[in-house]
Every structure is written in structure tokens, then in C-alpha cells.
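Participant: Attaching a single structure in C-alpha cells format; questions to follow.
The values are calculated or read from the model by the stated rules, or taken from the named source; none is laboratory data. Since we're looking at a predicted model, the values are computed, not measured. Don't worry about glycine lacking a Cβ; one is built from the backbone with ideal geometry, like all the others, and counts go over all protein chains shown. Areas reflect the complete protein model, heavy atoms only, side chains present, ligands, DNA and RNA absent. Shrake-Rupley method; radii C 1.70, N 1.55, O 1.52, S 1.80 Å.
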Amino acid sequence: MPADFEQRREALVGLIYDAVLDASLWSAALEGIADITHSAAALIHGYSVDHKLYTFHNLGRIDPECKRRHELYHVSNPWMRSSRFPAGQMVHTDDLIELSQLKRTAFYDDVLRPQNLAHGLIVNVVSRREFRVSLNVERSETSGPFSARDRAILSSLLPHLRRACELRLRMLDYQEAAQTERDALDALSTGIVVFDAGQRVLFANSAARARAEEVSLRLDAGCAPSGPSANELRAVLADTLRGETVGTCRLLHPSGREIRITVTPVKGRAFAHPSHHKRASPAAIALLGDVSRSRDAASALLAARHGLTAAELRAAAALAQTSGMEAAAAMLGLSRNTLKTHAKRIYAKTGVRGHAELVQSIAQIAQTLDPPT
């Protein structure tokens with residue numbers, strides 16, 4: 001193939017991989033695939049086999065309204081027969097249904113004809129039992145069926161498309177897991193704020209934001225604490241980051257009630273998760289609330305000290321609030337075996353020998369956070 005063609009192809013391959021990190025580039029990548037195969041349009045979409053619905057799509061010169069009609073009314077259509085073919089096998093739509101028959105379908109009238117599309121090459125780029133990612137390259141009736149050269153060009157792009165799609169699915173899985181952990185931290189009644197080494201806020205859960213607002217403390221993401229109450233917290237943060245020791249301060253609520261803040265250095269990977277921050281590594285965690293009566297706060301501090309994961313933090317908090325494994329598993333909605341696995345890791349990391357010692361350790365931490373006066 002000519003040198004200029006190879007340059008176009010290599011640039012297109014680079015764009016496909018760039019689209020993994022920047023989903024807005026998929027449209028340009030798909031337009032490039034359409035152009036290099038002498039087609040009018042291309043699209044890529046994810047399809048849940050179990051739920052019979054499309055979970056995402058990216059369009060390259062495909063009319064969004066026609067795609068909407070496709071997903072609303074024509075999930076089952078003659079071209080869907082391509083789904084039975086294994087990953088990597090290109091299927092010409094003319095082999096699934098003759099064009100003369102296709103033209104008599106509502107799918108053609110609603111989706112294809114308004115876009116002047118009649119022929120397609122379809123390939124399952126990723127094919128799992130429960131999920132598929134498919135690529136459609138489509139052209140008009142006057143352009144005619146796809147040639148062997150067009151197939152060869154698309155075939156040369158498939159390994160890169162497959163890797164890019166696998167990476168994309170993995171990133172979506174990570175994002176879903178990250179959001180689950182973020183939601184779990186948001187559900188805690190204790191305010192939790194994670195700071196980097198420059199005292200910038202990396203993450204603040206809902207309780208922390210609510211309590212901070214009560215005492216005129218601003219916790220804007222990417223910024224150091226600000227507001228009338230910020231100086232005392234920043235002084236404690238500085239001491240903690242400098243000496244890696246636990247520090248405390250108390251901020252007065254207008255009603256006379258005190259908001260207690262405990263700051264501790266972060267060790268391990270308890271809060272080193274992309275769902276919690278994007279800018280830097282966590283260096284300190286602040287707990288806001290009435291920590292003397294909060295087992296959640298003590299559990300969070302235990303996690304920060306010993307490098308517990310977010311899942312292990314939730315398990316430790318549940319174990320501290322219940323009488324045994326069965327009750328804690330029911331509280332978390334986990335099987336007993338799953339909770340036992342978490343518990344074994346918690347015991348190993350914290351150095352305790354069982355449930356009773358874990359409860360005692362958390363109680364002792366709670367007492368040190370707010371010793372009797």
C-alpha cells in the first residue's frame with residue numbers, strides 16, 4: 001500500500017488508543033475508520049446481552065436521532081444476527097439479509113434510509129457471554145458492497161480496536177468500583193477529609209462538607225481549607241504532616257456545640273484510590289464530628305493507620321457495631337464467607353487476634369480521640 005496510506009493508518013491507530021483516555025475522540029476515530037474503508041459512517045456500541053440494551057455508543061457521522069430510534073424500537077433487527085458470530089469475524093450485512101428484503105423492514109425505514117445507508121460490515125470486537133462491543137462500518141447503496149481491500153483494511157485495525165475496547169471496559173469497571181467506594185465513604189456519619197502534602201483537599205465526604213459549612217470552614221477540592229475557622233485546622237495539618245503525629249482541634253458551632261477535628265497521617269493505601277482524588281497522593285486525613293461517640297471515626301482512623309482498603313474499613317466499622325460475624329454480614333449485605341475474608345485481612349494488618357480484640361482496639365482509639373476531661 002502507498003506510503004501516504006500507511007501514514008494515515010498509523011495516525012488512525014494512534015487516535016484509537018488516544019480515545020481510550022479521552023472518549024470525545026471516538027467520533028474522530030470512527031470517522032477515520034469510515035474514510036479509510038471508503039464508507040459513509042461508522043459506530044461502535046456496547047450491548048448488554050442479559051438486559052437486551054445498549055449501554056454506550058460512539059458515532060462517526062451517524063445521525064443521533066436515527067441511533068436513538070434504533071435503540072428505542074429496533075434493538076432486534078436483521079443486522080443483529082451478526083451477534084452470533086465469534087469476536088473478530090467480519091460479517092457483511094448482505095449475507096445476513098438481502099438488500100431487497102432489508103428495504104421492506106421498519107428498521108430500514110426508520111434508521112437506515114434517512115441516512116442513505118444500505119450496506120454494512122459488522123464485527124464483534126469484544127464478545128463476552130454477558131456483553132459485546134460491536135463495530136459497524138456503513139455505506140450507501142450507490143457505493144455498493146464492501147470489497148476485499150476494504151475488509152483487509154478493517155481487519156488490520158481490529159487488533160488495535162480490540163485492545164482499545166478491552167482497556168475501555170477495564171476503565172469502566174474501575175470507575176464503577178471507584179464510585180461504589182466513594183458512595184460508601186459518603187454514607188458514613190463521620191466527616192472524612194483527605195489532604196495532600198500541600199494541605200489541598202483531595203476528597204471530602206458529605207458529612208464533612210455539612211459539618212464544615214456549620215463552622216464556616218470551606219473545603220473546596222484542590223484548595224487548602226479556607227474561611228474564618230481555617231487557621232486552626234491548617235496549623236494542626238502542618239504539625240501532622242511535619243511530624244507524622246495525630247493532632248486535634250475544636251471549632252465552635254454558633255449554637256455553642258463543638259465540632260472536633262482529628263488529623264492523622266495516612267499510611268498504606270487506605271485512601272489511595274482514584275475515586276477519592278485525582279491530583280496528588282493522600283498525606284493526611286481529618287475526621288470531623290463528635291468522635292467520642294463515633295465508632296465510624298475510630299474505624300476510619302484505624303484504616304488510615306494500618307492501610308486498610310475502603311472495603312476493609314466498612315467491614316471493620318460493621319464488626320465494631322455488631323455482636324458477631326453474622327450480624328455484621330447482614331448489616332453489610334455480604335455473605336459470611338466474604339466478610340470472613342475481609343476480617344482475616346483486617347486482623348493481619350492491625351495485629352489483633354479476633355473480633356473481640358478489634359472491637360477493643362476501636363474503642364481505645366475512640367477514647368484517645370476525645371479523652372475524658
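Yes/no matrix, rows are residues, columns are (1) small (Gly, Ala, Ser); (2) more than 25 Å from the chain's Cα centre (by Cα); (3) assigned to a helix (DSSP H, G or I):
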{"residue": "ARG132", "(1), (2), (3)": "no, no, no"}
{"residue": "LEU154", "(1), (2), (3)": "no, yes, yes"}
{"residue": "ARG163", "(1), (2), (3)": "no, no, yes"}
{"residue": "ALA207", "(1), (2), (3)": "yes, no, yes"}
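Participant: While we're here: Report, by residue number, each residue of segment 102-135 that is closer than 26 Å to ARG162 by Cβ and small (Gly, Ala, Ser).
Facilitator: Selection gives GLY120, SER127, SER134.
Participant: Same structure, new question: Report whether or not PRO114 is out of contact with any strand residue (DSSP E or B) (no Cβ under 9 Å at 6 or more places or on another chain) and surrounded by 15 or more Cβ atoms within 10 Å (Cβ to Cβ).
Facilitator: Numbers: out of contact with any strand residue (DSSP E or B) (no Cβ under 9 Å at 6 or more places or on another chain): yes; surrounded by 15 or more Cβ atoms within 10 Å (Cβ to Cβ): no.
Considered against the rule, which asks whether it is out of contact with any strand residue (DSSP E or B) (no Cβ under 9 Å at 6 or more places or on another chain) and surrounded by 15 or more Cβ atoms within 10 Å (Cβ to Cβ), PRO114 comes out as no.
Participant: Still on this structure, please answer the following. Check segment 173-182 and report whether any residue there is among the hydrophobic types (A, V, I, L, M, F, W, C) and under 16 Å from ARG250 (Cα atoms).
Facilitator: If we filter segment 173-182 for residues that are among the hydrophobic types (A, V, I, L, M, F, W, C), which is where we start, we get 177-178.
Among the residues that remain, those that are also under 16 Å from ARG250 (Cα atoms) are: none.
Scanning segment 173-182, I find no residue that is among the hydrophobic types (A, V, I, L, M, F, W, C) and under 16 Å from ARG250 (Cα atoms), so the answer is no.
Participant: A follow-up question, please. Restricting attention to segment 179-186, does a residue exist that is closer than 30 Å to TYR17 by Cα and surrounded by fewer than 17 Cβ atoms within 10 Å (Cβ to Cβ)? Give the derivation first.
Facilitator: Initially, segment 179-186 is screened for residues closer than 30 Å to TYR17 by Cα, giving 179-182.
Right, trim to surrounded by fewer than 17 Cβ atoms within 10 Å (Cβ to Cβ) and you get 179-180.
Checked segment 179-186: at least one residue is closer than 30 Å to TYR17 by Cα and surrounded by fewer than 17 Cβ atoms within 10 Å (Cβ to Cβ).
Participant: Exactly one condition in (1) of a type in the set (Val, Ile, Thr); (2) in a loop (DSSP other than H, G, I, E, B); (3) surrounded by 15 or more Cβ atoms within 10 Å (Cβ to Cβ) is false for VAL75; which is it?
Facilitator: It is condition (3) that VAL75 fails.
Participant: Separate question: Considering each of ARG353, ARG345, ARG305 in turn, give the residue that is modelled with pLDDT of 85 or more and either assigned to a helix (DSSP H, G or I) or aliphatic (A, V, I, L, M) (or both).
Facilitator: On the way: ARG353 fails: either assigned to a helix (DSSP H, G or I) or aliphatic (A, V, I, L, M) (or both); ARG305 fails: modelled with pLDDT of 85 or more.
Of the residues listed, the single one that is modelled with pLDDT of 85 or more and either assigned to a helix (DSSP H, G or I) or aliphatic (A, V, I, L, M) (or both) is ARG345.
Conditions (1) on the phi > 0 side of the Ramachandran plot; (2) touching a Pro at 6+ places or on another chain (Cβ under 8 Å); (3) modelled with pLDDT of 90 or more, marked per residue:
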position: SER156; (1), (2), (3): no, no, yes
position: TYR174; (1), (2), (3): no, yes, no
position: ALA177; (1), (2), (3): no, no, no
position: ASP183; (1), (2), (3): no, no, no
position: ASP196; (1), (2), (3): no, yes, yes
position: GLU213; (1), (2), (3): no, no, no
position: LEU252; (1), (2), (3): no, no, no
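Participant: Do the conditions hold for HIS38, that is, is it part of a loop (DSSP other than H, G, I, E, B), open to solvent by 50 Å² or more (accessible area, probe 1.4 Å) and out of contact with any Cys (no Cβ under 8 Å at 6 or more places or on another chain)?
Facilitator: Values: part of a loop (DSSP other than H, G, I, E, B): yes; open to solvent by 50 Å² or more (accessible area, probe 1.4 Å): yes; out of contact with any Cys (no Cβ under 8 Å at 6 or more places or on another chain): yes.
Considered against the rule, which asks whether it is part of a loop (DSSP other than H, G, I, E, B), open to solvent by 50 Å² or more (accessible area, probe 1.4 Å) and out of contact with any Cys (no Cβ under 8 Å at 6 or more places or on another chain), HIS38 comes out as yes.
Participant: Is it the case that some residue within segment 99-118 is within 24 Å of ARG8 (Cβ to Cβ) and under 35 Å from the mean Cα position of the chain (by Cα)?
Facilitator: In the first step, residues of segment 99-118 are kept if they are within 24 Å of ARG8 (Cβ to Cβ); the result is 117.
With the extra rule that they be under 35 Å from the mean Cα position of the chain (by Cα), the set shrinks to none.
Checked segment 99-118: no residue is within 24 Å of ARG8 (Cβ to Cβ) and under 35 Å from the mean Cα position of the chain (by Cα).
Participant: Would you point out the residue of segment 1-15, among those that are aliphatic (A, V, I, L, M) and within 18 Å of ALA152 (Cα to Cα), that is modelled with the lowest pLDDT? Spell out the reasoning first.
Facilitator: Initial filter on segment 1-15 (aliphatic (A, V, I, L, M)): 1, 3, 11-13, 15.
From the residues that got through so far, the ones that are within 18 Å of ALA152 (Cα to Cα) too are 1, 3, 11-13.
Working: MET1: 59, ALA3: 75, ALA11: 94, LEU12: 95, VAL13: 94.
Looking at the filtered set, the residue picked out is MET1.
Participant: Of all residues in segment 36-70, which are under 25 Å from LEU157 (Cβ atoms) and acidic (Asp, Glu)?
Facilitator: ASP63
Participant: Also, quick follow-up: Take the residues in segment 41-65 that are under 16 Å from LEU117 (Cβ atoms) and either small (Gly, Ala, Ser) or assigned to a helix (DSSP H, G or I) (or both); name whichever of them is farthest from the chain's Cα centre (by Cα).
Facilitator: ALA41
Participant: Hey, any hits in segment 49-56 for a residue that's touching a Phe, Trp or Tyr at 6+ places or on another chain (Cβ under 6 Å), under 21 Å from LEU169 (Cβ atoms) and acidic (Asp, Glu)? Break it down into steps so the answer makes sense when it comes.
Facilitator: Taking segment 49-56 as the starting set, the residues that turn out to be touching a Phe, Trp or Tyr at 6+ places or on another chain (Cβ under 6 Å) are 54.
Among the residues that remain, those that are also under 21 Å from LEU169 (Cβ atoms) are: 54.
With the extra rule that they be acidic (Asp, Glu), the set shrinks to none.
Checked against the condition, which is being touching a Phe, Trp or Tyr at 6+ places or on another chain (Cβ under 6 Å), under 21 Å from LEU169 (Cβ atoms) and acidic (Asp, Glu), segment 49-56 yields no hits at all.
Participant: Give GLY32, GLY14, GLY60, GLY46 a once-over and let me know the one that is buried (at least 19 other Cβ atoms within 10 Å of the Cβ) and out of contact with any helix residue (DSSP H, G or I) (no Cβ under 6 Å at 6 or more places or on another chain). Give the steps one after another, and end with the answer.
Facilitator: On the way: GLY32 fails: out of contact with any helix residue (DSSP H, G or I) (no Cβ under 6 Å at 6 or more places or on another chain); GLY14 fails: buried (at least 19 other Cβ atoms within 10 Å of the Cβ); GLY60 fails: out of contact with any helix residue (DSSP H, G or I) (no Cβ under 6 Å at 6 or more places or on another chain).
It is GLY46.
Participant: Still on this structure: Name the one entry in ARG81, ARG68, ARG113, ARG104 that is in a loop (DSSP other than H, G, I, E, B), free of Cβ contacts under 8 Å to residues at least 40 places away in the same chain and not aliphatic (A, V, I, L, M). So that I can check it myself, show each step before the final result.
Facilitator: Working: ARG81 fails: in a loop (DSSP other than H, G, I, E, B); ARG68 fails: in a loop (DSSP other than H, G, I, E, B); ARG113 fails: in a loop (DSSP other than H, G, I, E, B).
Testing whether each residue is in a loop (DSSP other than H, G, I, E, B), free of Cβ contacts under 8 Å to residues at least 40 places away in the same chain and not aliphatic (A, V, I, L, M) leaves just ARG104.
Participant: Which of the following residues is surrounded by 15 or more Cβ atoms within 10 Å (Cβ to Cβ), among the hydroxyl-bearing types (Ser, Thr, Tyr) and in contact (Cβ under 8 Å) with a residue 12 or more places away in the chain: SER189, SER155, SER140?
Facilitator: Working: SER189 fails: surrounded by 15 or more Cβ atoms within 10 Å (Cβ to Cβ); SER155 fails: surrounded by 15 or more Cβ atoms within 10 Å (Cβ to Cβ).
None of the others qualify; the one that does is SER140.
Participant: Checking the structure you have, find out if any residue of segment 335-342 is modelled with pLDDT of 80 or more, within 29 Å of ILE261 (Cβ to Cβ) and either in a helix (DSSP H, G or I) or not polar (S, T, N, Q) (or both).
Facilitator: Filtering segment 335-342 for residues modelled with pLDDT of 80 or more gives 335-342.
So of that shortlist, the ones also within 29 Å of ILE261 (Cβ to Cβ) come out as 342.
Of the ones still in play, those that are also either in a helix (DSSP H, G or I) or not polar (S, T, N, Q) (or both) are 342.
Yes.
Participant: Also, I was wondering about something else. Looking only at residues in segment 215-230 that are touching a Pro at 6+ places or on another chain (Cβ under 9 Å) and not hydrophobic (A, V, I, L, M, F, W, C), which one is modelled with the lowest pLDDT? So that I can check it myself, show each step before the final result.
Facilitator: Initial filter on segment 215-230 (touching a Pro at 6+ places or on another chain (Cβ under 9 Å)): 215-219.
So of that shortlist, the ones also not hydrophobic (A, V, I, L, M, F, W, C) come out as 216, 218.
On the way: SER216: 87, ARG218: 92.
Looking at residues that are touching a Pro at 6+ places or on another chain (Cβ under 9 Å) and not hydrophobic (A, V, I, L, M, F, W, C), I get SER216.
Participant: Pick from segment 218-262 the residues that are acidic (Asp, Glu) and in a loop (DSSP other than H, G, I, E, B): which of them is most open to solvent (accessible area, probe 1.4 Å)? Lay out the reasoning, then the answer.
Facilitator: So the first thing to find is which residues in segment 218-262 are acidic (Asp, Glu), and the list is 220, 232, 239, 244, 258.
Imposing the further condition that a residue be in a loop (DSSP other than H, G, I, E, B) reduces the set to 220, 244.
Details: ASP220: 57, GLU244: 121 Å².
Across segment 218-262, the extreme among qualifying residues is GLU244.
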